[in-house]
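I have placed the structure first, in the form of structure tokens, so that the comments after it can refer back to it.
Bear in mind that the values in this text are calculations on the coordinates, not laboratory data. This is a predicted model, so every value here is computed, not measured. For neighbour counting, all protein chains shown are included, and Cβ atoms are generated from backbone atoms with ideal geometry for every residue, glycine included.
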Amino acid sequence: MTDKFKSNHRKQKSWIPSVLIFVAIAYLALVQYLPALNVVIQAFSKGVTPFFANLVQPEFLHAVWLTLILALITVPINTVFGLCAAWAITRHKIPGRAIVLSIIDLPFSISPVVAGLMIVLLYGRQGWFGPWLQDHNIQIVFALPGMVLATAFVSMPFVVREVIPVLEEFGQEQDEAAKTLGANDWQIFWRVTLPSIRWGLLYGVVLTNARAMGEFGAVSVVSGNISNTTQSLPLFVEEAYKQYQTESAFSAAVLLGLLAVVTLVLKEILARKTDTKEAGRH
Amino acid sequence: MSSTEQKERQLPWGKVFLQNIIQLPWTWRITLIYLSFMLFLPLAAMLLKASTEPPSEFWKIATSPLALATYNVTFITSLLAALLNGLFGTLIAWVLVRYDFPLKRVIDALVDLPFALPTSVAGLTLATVYSDRGWIGSLLAPLGIKVSFTRLGVAVAMIFISLPFVVRTVQPVLQEMEQEIEEAAWSLGASEWQTFWKVILPPLFPTILTGVALGFSRAVGEYGSTVIISSNTPFQDLIAPVLIFQRLEEYDYSGATVIGVVLLIISLVLLLAINFLQAWSRRYDR
């Protein structure tokens, strides 16, 4: 087929692409862009000064602090777990690994509220470990440990999911070459494997972090949402909105929106890094 | 050597299993321990709590009129939202793969916004934009359409949250599709509509369904954005996850557990369906 024929064919109906592009963008605008823009406009609707005044409220600062703590605890844990699981699944193939793979994905299918409920049923006052925990004066539900558990639960699968494909593509040959040259397992991991999977790993870490900082449902169930104590930033947004402190809610929302933008930008950069690497290899 | 082998053979099954676990590489051991602690233990706690309910009581709670109404709102609304996204998500994927236009890369990257934006922020801003004083809601209010704090609002939140699932599922498959086949269809005299309906859509259909199922599954479990945009009125726009939350707040652990188990079972069925759909959409791959 000649290009001339093709372009003629397309020219006859050249209005179709424009209409389709318009409809697609209009839909995205109604569902995503206008709501996203609204966050910024509402937050600054009374100017910059009230916005910053909202940002120094003690409840707000505590919520930011708590959100950072949650991410600082859960992201490393899930990263180490993710690396271990991805390594085990790709390098030590045991029977039943396909099942383990789908089980790791379960937290994505389970409603966050159900996730929170499970933690309450396990560690809550009436839960399995409830009496023991009470005897030892350990509080998990309605306290930080419960929020950590809930956050770790919902953000568990990201690193595994992103690292498995890069590990699989990277292959075992280089590991084995390093081994024959006398490197031990740690040296192989730090000097050979990690450098070649770093972008995929980082991609997973970025997604884990976004979910950890933004999780609402599961954390909401286990936290009790006590202002200044167990109120993370996403919970603060809801609470402020419910108390008709809309501006304060939107000020916090801007911060979380910023997190989303940073996440999307990093995602884009990292996706391109892994893509060019793939392109270079083939 | 042979004597130890024989000893192993005589060991009961349980001990052999245990020994196999101990002999696993440490990466597997950490993986399984973490999964047991984080996933199996909580799952077991919930299922055992549910099993302490007599079956008749379980059934009574699971099918109480209020519970049935929340299933109705949750599942029908999620399904409609996912189906609408099946249509528009496929369109967006098509436009992003096939056409060039300004800001395409930004629009492509922004499709993932609902993955990155915390759900409470999504709920907050959707509730404002679609309220009768908001940008879009104020245009709909004169027509008598109320969005925020109604079931329609719940649908809007579900549409927001499930859109990227369809786009991101369809997009790579569309990218891989060979345009030569379409060109062959054109050169044989098929119109653009015929090409779309008879050449492009049939192989793409299982993929679209997979995306719709993924989006549906996400919408069913969604809590953050829906609880904010909904008025949470029983029998109107109260969804199942919110009912679980309310039951927990009332310290009604049995009520929360039963509905939680119902939701869990449905999520697992959906997961199986999605796996099946994915296998179906890959049936022509080598």
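Odds and ends about this structure:
- Taking every alpha-carbon pair in the range A:48-281 and binning the separations at 5 Å intervals from zero gives 1, 6, 12, 14, 15, 14, 12, 9, 7, 5, 2, 1, 0, 0 percent.
- Axial C-alpha extent at least 18 Å, average Kyte-Doolittle at least 0.5 - helices from chain A (DSSP): A:15-28, A:58-91, A:157-170, A:194-214, A:246-281
- Pairwise label distance in nanometres, B:F40 with A:S102, each label 7 Å out on the Cα-Cβ vector: 1.7 nm
- Kyte-Doolittle mean at least 0.5 and Cα axial length at least 24 Å: DSSP H helices in chain B: B:77-98, B:151-176, B:201-221, B:253-281
- Net charge contributed by nearby residues that have their C-beta within less than 12 Å of B:T257 (K/R +1, D/E -1): -1
- The Rg/Rh ratio for the range A:169-282 is 1.21, where Rg is the radius of gyration of the alpha carbons and Rh is the Kirkwood radius.
- Electrostatic dipole magnitude of chain A [Cβ: Lys, Arg +1; Asp, Glu -1; Cα centre; debye, to 20]: 980 debye
- The slack in the chain from B:W280 to B:L66, taken as 0.36 nm per residue of separation less the alpha-carbon distance, amounts to 73.3 nm.
- 10 Å binning of all Cα-Cα separations within the protein assembly as shown, expressed as whole percents from 0 upward: 3, 15, 25, 26, 18, 9, 3, 1, 0
- Sparse-neighbour loop sites [trypsin sites (Lys or Arg not before Pro); the range A:73-134; at most 12 other C-beta within 10 Å; DSSP]: A:K93
- Packing, as the average of other Cβ atoms within 10 Å across residues, places the peptides A:171-177, B:32-38, B:190-196, B:43-49 in the order B:43-49, B:32-38, B:190-196, A:171-177, highest first.
- Rounded to the nearest 20 debye, the dipole size of chain B about its Cα centre is 480 debye, using +1 on the Cβ of Lys and Arg and -1 on the Cβ of Asp and Glu.
- For B:K146, a cut-off of 15 angstrom between C-alpha atoms picks up these aspartates and glutamates, skipping any fewer than 8 places away in its own chain: B:D132, B:D237.
- When the charge dipole of chain B is built from unit charges on Cβ atoms (+1 for Lys and Arg, -1 for Asp and Glu) and taken about the Cα centre, the candidate among B:V173, B:V261, B:T125 whose Cα reaches farthest toward its positive end is B:V261.
- Rounded to the nearest 20 debye, the dipole size of the protein assembly as shown about its Cα centre is 660 debye, using +1 on the Cβ of Lys and Arg and -1 on the Cβ of Asp and Glu.
- Where only DSSP H runs of four or more residues are counted, chain A gives -24000 deg cm²/dmol as its mean residue ellipticity at 222 nm, each run worth -39500 (n - 2.57).
- The range B:55-281: radius of gyration over Cα atoms, expressed as a fraction of 2.2 N^0.38 Å: 1.16
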